[in-house]
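Below is one structure; the comments refer to it alone.
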Amino acid sequence: GTVGVKSAFAEISSLRRAIPSDTYLWVNAFKDKPDYYSETDIAFLTGIDPHFQLNAVDYESAGRACNAGYDVFYVQGAGLVKRCYKDRQVIGHLYRDGLEGLSEQRTCKMLCCDCYIGYIHMPELKLDRLYGESILERIGKPSLAK
């Protein structure tokens, strides 16, 4: 995969041509600048990654179900455990509490989720239907390949 920065569009196109056509190539939306993409840009990137527009939006997440902190965790080197890397709240300590002791369903406290490695854990988005067991790696099911 790649990040869809405009300065890399030629390289992204070259990459798409260089890899097998049955290999899914994902594109992360560049979200550091508001209204970064034109309609033409979105069409180009959707031609590379048919699911690009799923990544191009931020998802309202406050109070919504999220499996972060239940079956996936963000662990800092010293053992501090958080639900995800964007959530600053520490839920426990890996070496004291163990992941099994920290695992529980919690709703998200963040206003929005703007990162793929976060919002893939929101069950309502059903992204597991697209990526199956390889959701974190974003290795698409064979039907995703372009």
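None of the figures in this text is laboratory data; all of them are computed from the coordinates on show. Predicted model, so just to flag it, every value in this text is computed and none were measured. Note that each Cβ is placed from the backbone with ideal geometry, even for glycine, and that neighbours are counted across all protein chains shown.
Near residue 60: Cβ cut-off under 11 Å, other residues only, Lys/Arg at +1 and Asp/Glu at -1. The net charge is -2. Checking the a/c ratio against 1.5 first, then a/b against b/c, what shape does the Cα gyration tensor give for the chain? In terms of gyration-tensor shape, prolate.
Ranking 5, 54, 74 by how far each Cα lies toward the positive end of the dipole of the chain (charges on Cβ) leaves 74 at the top. Remark on residue 106: its backbone amide H falls under 5 Å from those of 66, a criterion applied only to residues 5 or more positions apart or on other chains, H modelled at 1.01 Å from N.
Computed from backbone phi, the HN-Hα couplings of region 61-67 come to 10, 4, x, 9, 4, 8, 7 Hz, rounded to whole numbers (Karplus: 6.51 cos²θ - 1.76 cosθ + 1.60, θ = phi - 60°; Gly and Pro given as x). Of the GluC sites (Glu not before Pro) found in region 74-146, the ones in coil according to DSSP and having at most 12 other Cβ atoms within 10 Å of their Cβ are 104, 137. Summing Cβ point charges (Lys, Arg +1; Asp, Glu -1) relative to the Cα centre of the chain gives a dipole of roughly 120 debye. With contacts taken as Cα pairs under 8 Å and at least 6 residues apart, the chain reaches a relative contact order of 25 percent. Helix content alone sets the calculated 222 nm mean residue ellipticity of the chain: runs of n ≥ 4 DSSP H residues at -39500 (n - 2.57) each, divided across all residues, give -7000 deg cm²/dmol. For the residue pairs 33/82; 6/109; 6/33; 6/31; 31/82, alpha carbon separations beyond 21 Å are given by 33/82; 6/109; 31/82.
Close amide H contacts of residue 28 (hydrogens built in the peptide plane, cut-off under 5 Å, sequence separation of 5 or more or a different chain): 2, 3, 4.
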